[in-house]
Amino acid sequence: MTTFLDLHRQPRALLMANAWDAGSAKLLAGLGFQAIATSSGASAMAAGKRDGELTRDEALAHAQAVVQAVALPVSADLENGFGPEPSAVTETLRLAIATGLAGGSIEDAPASGSPPYALDHAVERVAAAVEAIRASKQPFVLTARAENYLRERPDLDDTIRRLQAYEQAGADVLFAPGLPDLAAVRTVCAALSKPVSFMVGIPGKSFSVAELEEAGVKRISFATSFYRAAMRAARDAAKEVLERGTFTYTQQR
């Protein structure tokens, strides 16, 4: 039986589609994606909130609805573990595993947009997540995120040090969203032995599948980009009705 982690070891990169509710998860699964992910930004916007405003209970209820909607592995965006201390990460992982999730990611920075945690503290948080997974005796793919480039700290050397430390602490997949170019992606991939994930969705920093595979990426996710594309289509249809009084959008398939 192919496990979620096995999907990160294929010759081609795993395309993991980010859903924003159970219905979008079903649509994406029906198109042939092999795995589904939640997105903190997309799930918050779908609930009329901003990224980071969902509570842990709300985020996990959303993730569970997606898990129940599809017969595919689902990985959750668990933000920063919903608390700065390792104990908060432990509890978040315990609750996440109980929902039936196949995996989840933990960020190394506060939800407030502040700079990343000190490295030693960030490693303790990853280690706490790993221990929670081991205690559960359930398969769960842990992704450790280094947030430097999303927190205005474009330091590639520090990003690699962090990812290497998280790898040593037991994370299964490593992820540094916002890398500026393919050269940086290649450098990160070459510095790690475990699979590297890449996030599409930032204008000017979203490369093709072929380019990312050549750079060594083993998983590609899409953040809020599918949600935003769907909302643009809905907005354009609504504007056509209000501004032109026509319904040509109904002819699109």
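The values are calculated or read from the model by the stated rules, or taken from the named source; none is laboratory data. Bear in mind that the values here come from a model prediction, so they are computed numbers and not experimental data. Every residue, glycine among them, receives a Cβ derived from its backbone with ideal geometry; neighbour counts consider all protein chains shown. Note: areas computed on protein heavy atoms with side chains; ligands, DNA, RNA excluded. Shrake-Rupley method; radii C 1.70, N 1.55, O 1.52, S 1.80 Å.
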Quick one: the Cα spread of the chain along its three principal axes, in angstroms, biggest first?
60, 41, 39
Quick check for me: using +1 on Lys/Arg Cβ and -1 on Asp/Glu Cβ, what's the dipole size of segment 1-74 about its Cα centre, in debye to the nearest 20?
200
Quick calc: nm separation of the 7 Å Cα→Cβ label points for Ala22 and Arg9 -> 3.4
Chain lengthening between Arg134 and Ala118 when straightened (0.36 nm per residue, less Cα-Cα)
3.3 nm
Enter the angle in degrees (range 0 to 90, nearest 10) between the Cα long axis of helix 156-169 and the first principal axis of the Cα atoms of the chain, meaning the one along which they spread out most.
70
Accessible area (Å², 1.4 Å probe, nearest 10) - His62
40
Would you work out which of Met199, Ala171, Ile160 lies farthest towards the positive end of the dipole of segment 86-200, given +1 charges on the beta-carbon of Lys and Arg and -1 on that of Asp and Glu, about the Cα centre?
Ala171
Lysine-lysine proximity count for the chain, Cα under 30 Å, sequence distance 8 or more or distinct chains:
14
Between helix 86-98 and the chain, what is the angle of the helix's C-alpha long axis to the longest principal axis, kept within 0 to 90° and rounded to the nearest 10?
50
Please give the helix 182-191 orientation as an angle from the longest Cα principal axis of the chain, in degrees from 0 to 90, rounded to the nearest 10.
40
To the nearest 20 debye, the chain has a Cα-centred charge dipole, built from +1 on Lys and Arg Cβ and -1 on Asp and Glu Cβ, of 700
Solvent exposure ordering (accessible area, 1.4 Å, most first) of Leu150, Leu179, Leu5:
Leu150, Leu5, Leu179
With a 1.4 Å probe and all protein chains in place, put Phe226, Phe140 in order of accessible area, largest first.
Phe226, Phe140
